[in-house]
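In what follows, a single structure is set out as structure tokens and then discussed.
The values are calculated or read from the model by the stated rules, or taken from the named source; none is laboratory data. Note that the coordinates shown come from a computational prediction; the quantities given were computed from them, not determined experimentally. Ideal geometry is used to build each Cβ from the backbone, glycine not excepted, and the neighbour counts take in all protein chains shown.
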Amino acid sequence: MNHVSDANIQNDWGDPGQEKKICADNRNEETFKRTIDRIKDYIETHYDEKITLKDLAEQFYIHPVYLGQLFKNTYGVYFKDFLLDLRMRNAKAILRQTDLRIAQVADQVGFASKDYFVYRFEQNEGVTPTQYRKQAVYRLE
């Protein structure tokens, strides 16, 4: 009969104290996942407001550099790129569905400056917001 003592049993973590550490790490990971999801939800709800990584970090009690890394690692995109993409998608919908002036569209999606909105829109889409609107109307006819 083969007798195995507790001293000879090794868990998957290599040493007995490691199991507790991994359990704690998993709880921390779950907590951070919930937090980063809440932050993403907040951005999606408040994209039309002035949002900075620093402000989000303060609001959610996370260091701004760590928040930026966590956001990138979780969603595969940097915070600023995520926010810009969200604003652009909403701007395109507004341009297709309304006759609002470009300055009003810029304001509704969180840009403080119409000129900067036009610059970023053209950089992203290859056309100005006015050209985009005309193309969208043309496609509908």
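If the requirement is being farther than 26 Å from Tyr42 by Cβ and surrounded by 13 or more Cβ atoms within 10 Å (Cβ to Cβ), which of these qualifies: Val127, Val105?
Val127
So which helices (runs of 4 or more DSSP H) stay within the stretch 1-99 end to end and still have 2 or more residues that are modelled with pLDDT under 80, of a type in the set (A, V, I, L, M, F, W, C) and surrounded by fewer than 16 Cβ atoms within 10 Å (Cβ to Cβ)?
In the stretch 1-99, the matching helices (runs of 4 or more DSSP H) lie at 16-46.
Could you list, in sequence order, all residues of the stretch 108-124 that are farther than 13 Å from Glu49 by Cα and either in contact (Cβ under 8 Å) with a residue 12 or more places away in the chain or surrounded by 16 or more Cβ atoms within 10 Å (Cβ to Cβ) (or both)?
Listed by number, the residues that qualify are Lys114, Phe117, Val118, Arg120, Phe121, Asn124.
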